[in-house]
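Report on the structure given below.
The values are calculated or read from the model by the stated rules, or taken from the named source; none is laboratory data. Predicted model only: the values in this text are computed from it and were never measured. Cβ coordinates were reconstructed from backbone atoms using ideal geometry, including for glycine residues, and neighbour counts include every protein chain displayed.
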Amino acid sequence: MGIMKLSYIIPTYNAASFVQATLDNIYATSQPEKDYEVIVVDDCSTDNTCAVIKQYAQNHTNLRLIRQPQNHRQGAARNRGLEVAQGEYITFVDSDDIVLEGIVAALANAQKSKVDLVYCSCYHEKTPTEVVLKEIDLPEDTIMSGIDFCEKYQHEGVFWYPWGILYRREWLVSLHYPFIEDRQHEDRDWLAYIMSHAGTIVNSKHPVYHYVCNPNSTCRALRYSTVFDHVASGIRHIDLAQELKTACPKLSATLHAFGMEEIHHSIRLRNLTKFPWSENKHLYDNQHLQPLLSDLKRMCRTYPMPREVRIVAYCPILTKLTTWIASPIATYIRKKKHQ
């Protein structure tokens, strides 16, 4: 048996209505099934996602379903998939997106150049009627170091999404840098770290991926934890910026600015009251906020922070009281505006 060339890692959660279409597109490519594997990691779906995948696997022996014992979000599912993957290269696929035929050319490029990472062109669906091609101007035969790549293209959003990229599995595992678990918005700081630590990066002009705008995706769910997951993401960006300050000064500056904006924007009162109070009443529970407060205080001690951020960091009771009063008022105003 030859070497497994590629592992697709697909985290899923309540994806019964669309995951089959994603699998159909993978199996519609011209790759022989013996050359790749598909690893679907289900994060405790409450619908019939697993039944759909099991049915699909009856016709495809290279499809594997892993069921997480507890829900730990998308980062944990990706980590689990990487643990069991056997491909020379791996790629992450969201369960509602489309893999394109260009993946074949991108993989051939990866195997030819033996690079750590292949950055690929992708279609990005901003709305169902607005689709843009996301690509960079790097020729396919040019190999760059991760640091040089990040310094040159950091303003083009190259570290925004982990999908549409091929990673050499042994190198990726050797970094010992897993996704953050139990939080949303776990991917941008992860990818910035991974890219900046790549020994070699090459570009593929062939579009390999089509990101689908799904209004029901988990990142758009009306949950109070979304606000503080953004805050946690902002803190990680700032910490990573400090770590990369010497090696990647331009990338460091971009990550720092993004992290500061993400923290400030998330903690503005208009965002703390954007969800109904029934979704905000546990805003200060141990699971979502308490682990964050010490880090937020550290940010306030280290960097100049807006007043709203300092109040949340040092006066959570005051913020809770303010939110409790402001949330129903904001909800009432929004209803009146939409009548």
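Taking segment 152-169 as the range and being crowded, with 19+ Cβ neighbours inside 10 Å and touching a Lys or Arg at 6+ places or on another chain (Cβ under 7 Å) as the test, the residues that pass are Q154, F159. Considering segment 181-210 alone, what residues qualify as being closer than 15 Å to E243 by Cβ and either among the hydrophobic types (A, V, I, L, M, F, W, C) or outside the structural domain of H124 (by TED's automatic domain parsing) (or both)? Within segment 181-210, W190, L191, A192, I194, M195 qualify. Within segment 182-205, the set of residues being modelled with pLDDT under 95, over 11 Å from the mean Cα position of the chain (by Cα) and assigned to a loop (DSSP other than H, G, I, E, B) comprises D182 only. For segment 92-102, indicate whether the set of residues that are acidic (D, E), outside the structural domain of H230 (by TED's automatic domain parsing), farther than 30 Å from D229 by Cβ and at pLDDT below 90 is non-empty. No - not one qualifying residue is present in segment 92-102.
Residue check: is I66 outside any helix (DSSP H, G or I), touching a strand residue (DSSP E or B) at 6+ places or on another chain (Cβ under 9 Å) and surrounded by fewer than 21 Cβ atoms within 10 Å (Cβ to Cβ)? Yes; evaluated as a whole, the condition is true for this residue. When each of A85, A28, A51 is tested for being modelled with pLDDT of 95 or more and closer than 18 Å to Y211 by Cβ, the lone residue that passes is A28. One residue alone among Y119, Y177, Y123 is surrounded by fewer than 16 Cβ atoms within 10 Å (Cβ to Cβ) and hydroxyl-bearing (S, T, Y), and that residue is Y177.
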